[in-house]
Amino acid sequence: MRGVTCRGRAAEHHAEVIDEFGADEGRVGGVGEGTPLPLHHTGAKSGAIRVDLVRPLPDEPRQLIFASNGGVPSDPDRYCNLEAQPNTRIEAGTGTLDLVAEEARGDEHEGLFARGAERFPDLAKHPRQSDRLISVIVLMPLGGA
């Protein structure tokens, strides 16, 4: 039950940051200062719109996100959702970006994951904590760019 409690606290924290993001024109303070952005995605099973915080790594014109889930053995729900419904949206500042998600594979995955681990040092630890490949999700602007 400990994981459920932690997940509940994480969900509450995400909701607070998302509310702050919306109320302060895309700026947040505190623990997640600077980079967390709300990602809107569609539930693979429910079809419900979900909002999750992500810390994308810019790779112009793309954004990269990592399905690390803190290094636990399972993928985050957003990974499964984006795999099933790749059209997504990120709130950035006072606007939104419509994007399409695609998983990086092979050499591209290796290079992008290395860049992510350099930018987010904790990310480098996550493969050692789990027996799964930590997926790199490439978010491309809808319609290319």
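Points to keep in mind about this one:
- Selection status of ALA92, at negative phi, touching a residue at least 60 places away in the same chain (Cβ under 8 Å) and crowded, with 16+ Cβ neighbours inside 10 Å: no
- Within segment 72-89, the set of residues being touching a Leu at 6+ places or on another chain (Cβ under 9 Å) and surrounded by fewer than 16 Cβ atoms within 10 Å (Cβ to Cβ) comprises just one member, ASN87.
- Residue selected from segment 82-109 under the condition farther than 20 Å from LEU123 by Cα and of a type in the set (D, E, K, R), by the criterion modelled with the lowest pLDDT: GLU91
The values are calculated or read from the model by the stated rules, or taken from the named source; none is laboratory data. These numbers come from a predicted model, not from an experiment. Positions of Cβ are generated from backbone atoms using ideal geometry, with glycine treated the same way; all protein chains shown enter the neighbour counts.
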